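Undergrad: Quick one: the structure is below, and I'll ask about it shortly.
The values are calculated or read from the model by the stated rules, or taken from the named source; none is laboratory data. This one's a predicted model, so the numbers in the text were calculated from it and none came from an experiment. Please note: Cβ atoms are built from the backbone with ideal geometry, for glycine as well, and neighbour counts cover all protein chains shown.
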Amino acid sequence: MGRGRVQLKRIENKINRQVTFSKRRSGLLKKAHEISVLCDAEVALIVFSSKGKLFEYSTDSCMERILERYDRYLYSDKQLVGRDISQSENWVLEHAKLKARVEVLEKNKRNFMGEDLDSLSLKELQSLEHQLDAAIKSIRSRKNQAMFESISALQKKDKALQDHNNTLLKKIKEREKKTGHQEGQLNHCSNNSSIVQPQYCLTSSRDGFVGRVGAENGGASSLTQPNSLLPAWMLPTTNE
């Protein structure tokens, strides 16, 4: 049969309790040393016997440094927990304040819209009336200012358009004046070129003389010597 599991309870026999403590203490110190070496961990072990005797183990004999680190960790942890609790309480208070503020704003909005007025006293109604009058005056003032600004902008735009139209009219007049001057010059040139030039025609006689009939002498013909360039037989003959 295998060894049964030892029930964990206080050993009543004083001698057996002392022997068990000595054995378990040695095993515990050995395990602390092993985990420190194998896992590169900082280990601090403190054991007090039933008689108040101290047994301890620390990595590299740095018990004080490990305990200081432990104290700092506990302090920072407490600070963090306390800060979280304080921050949570602050958020709760802030939420309550904001909720109350929202309710007041919603009630004021309904009052400005003319709703839920039965619960207001005479003084509150007068205050609400004064607030509405001040709001209406402010709205009208802003509306008038916006209208004046719009009118001023339209006037500036109208003036700019008028200036542009005047510039275009001036350019059109200058172009018409220039075009009329050019047409006058063309008419003058056409009148000068319309003068009738004297016309002549060549005639020939049977004798081979060449005659010229001009319009300026009433159709009278004059005979000249035969043309040296054209033979007489090539010229048209005239009847005597």
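Undergrad: For segment 51-78, how many residues meet the condition of being among the polar types (S, T, N, Q) and either outside the structural domain of VAL19 (by TED's automatic domain parsing) or surrounded by 12 or more Cβ atoms within 10 Å (Cβ to Cβ) (or both)?
TA: We begin by selecting, within segment 51-78, every residue among the polar types (S, T, N, Q); these are 58-59, 61, 76.
Narrowing the set further to residues that are either outside the structural domain of VAL19 (by TED's automatic domain parsing) or surrounded by 12 or more Cβ atoms within 10 Å (Cβ to Cβ) (or both) leaves 58-59.
Within segment 51-78, residues that are among the polar types (S, T, N, Q) and either outside the structural domain of VAL19 (by TED's automatic domain parsing) or surrounded by 12 or more Cβ atoms within 10 Å (Cβ to Cβ) (or both) number 2.
Undergrad: A further question on this structure: Considering only segment 112-129, state which residues are loosely packed, with under 10 Cβ neighbours inside 10 Å and part of a helix (DSSP H, G or I). Please lay out each step first, then the result.
TA: Initial filter on segment 112-129 (loosely packed, with under 10 Cβ neighbours inside 10 Å): 113-114, 118-119, 121-123.
Scanning segment 112-129 gives LEU122, LYS123.
Undergrad: For PHE48, state whether it is assigned by TED's automatic domain parsing to the domain that holds TYR70, without any contact (Cβ under 8 Å) to a residue 12 or more places away in the chain and aromatic (Phe, Trp, Tyr).
TA: Details: assigned by TED's automatic domain parsing to the domain that holds TYR70: yes; without any contact (Cβ under 8 Å) to a residue 12 or more places away in the chain: yes; aromatic (Phe, Trp, Tyr): yes.
Spelling it out, PHE48 is indeed assigned by TED's automatic domain parsing to the domain that holds TYR70, without any contact (Cβ under 8 Å) to a residue 12 or more places away in the chain and aromatic (Phe, Trp, Tyr).
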